[in-house]
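J.: Below is the structure I would like to discuss, written out as structure tokens.
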Amino acid sequence: MEDAKKEMKFSTRNVSENREGIKAWLNPLGYGWERVSYWLQRLTGVFLLIYFIGHVIETSSIIGGQDVWNSMLQLTQTPIGHLFLILVIGTSTFHSANGIRLIFTEVGKGLGKPGRPDYPYSASSLNYRQKSGIWVALILAALAMLFGAQVLFGKG
């Protein structure tokens, strides 16, 4: 009976100590590339949701007339507006490419064969193909942002 109480107390203590809440959600460090890409996927998803809501508001300003529409469009014709649009290009590209990688992962493509979890534990799911997919998503986002910068700030 005492052993059961000790076990219950031990397991309850561990559960309550592991609850970091939003702090753990915001911390991508110390977990490896898979966790960083998961964190970036969440972050870009929230950013794109906020952008989508703002875009709907901006687009619906047309009902206020031509002057209201033109004043809303002027917000994007500033250097800060251009930087924001470049950020939208990068986040949407990364979110899409990493999402495709995650879809392939869900159906088992690019994963290694399952192995016995022996100490020290290492994530067998994060093999060369998975790491390459994360890097491809990051590189595509960077290239898209450079192209967007050239279009928005370039001369030609």
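Values quoted throughout were computed directly from the atomic coordinates according to the rules given, and no laboratory measurement underlies them. Predicted, not measured: the structure shown is a model, and the values here were computed from it. For neighbour counting, all protein chains shown are included, and Cβ atoms are generated from backbone atoms with ideal geometry for every residue, glycine included.
J.: Would you calculate the separation in nanometres between label points at Val36 and Ser132, each defined as 7 Å from the Cα along the Cα-to-beta-carbon direction?
T.: 1.9
J.: Simple spin-label model, 7 Å along Cα-to-Cβ: Thr78 to Val56 in nm?
T.: Result: 2.5 nm between the two label points.
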